[in-house]
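Here the structure comes first, spelled out in structure tokens, and everything after it is commentary.
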């Protein structure tokens, strides 16, 4: 039986380009051909696609002016989805956390000293929670 294959994860954002840039830099991705030059006034800039080095789609960011960022850990506005990113060591966890914060993320929870599963929960510049965890 053939199964559907995940094409990419799409994220809604009030600042489409800004959030795409955050994930492009954080994850070492690049724009789909043409997306890197589209401006904010360009109709196509409401949907930007990020690819890995093998040209596979990883993320898409969609412009949504009326979106409300999640309020995790409070449930006032549920997170609805989040992404987990694996790092190799606790040292890498700290390095990648600092990189993410430098790019505009904010720390929501620090469990880097958890002996079972060291991790940090951060919010991207659009307010979407994501985890960096040691695996």
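Would the stretch 73-80 turn up any residue that is in contact (Cβ under 8 Å) with a residue 12 or more places away in the chain and within 16 Å of residue 123 (Cβ to Cβ)?
So far as the stretch 73-80 goes, yes, one or more of its residues are in contact (Cβ under 8 Å) with a residue 12 or more places away in the chain and within 16 Å of residue 123 (Cβ to Cβ).
Which of the residues spanning the stretch 45-57 are crowded, with 17+ Cβ neighbours inside 10 Å and assigned to a strand (DSSP E or B)?
Of everything in the stretch 45-57, those that are crowded, with 17+ Cβ neighbours inside 10 Å and assigned to a strand (DSSP E or B) turn out to be 48, 49, 50, 51.
Looking at the structure I just gave you, is residue 24 free of Cβ contacts under 8 Å to residues at least 60 places away in the same chain, at negative phi, part of a helix (DSSP H, G or I) and assigned by TED's automatic domain parsing to the domain that holds residue 127?
So residue 24 fails the test.
How many residues are in contact with a strand residue (DSSP E or B) (Cβ under 7 Å, 6 or more places away or on another chain) and in contact (Cβ under 8 Å) with a residue 60 or more places away in the chain when one looks only at the stretch 97-135?
Residues flagged as in contact with a strand residue (DSSP E or B) (Cβ under 7 Å, 6 or more places away or on another chain) and in contact (Cβ under 8 Å) with a residue 60 or more places away in the chain within the stretch 97-135 amount to 5.
Looking only at residues in the stretch 27-44 that are at pLDDT below 80, in a loop (DSSP other than H, G, I, E, B) and touching a helix residue (DSSP H, G or I) at 6+ places or on another chain (Cβ under 8 Å), which one is surrounded by the fewest Cβ atoms within 10 Å (Cβ to Cβ)?
For the stretch 27-44, the residue satisfying everything is 39.
The values are calculated or read from the model by the stated rules, or taken from the named source; none is laboratory data. Note that this is a predicted model, so its numbers are computed, not measured. When we count neighbours, we look across all protein chains shown, and the Cβ atoms used for this are built from the backbone with ideal geometry, even at glycine.
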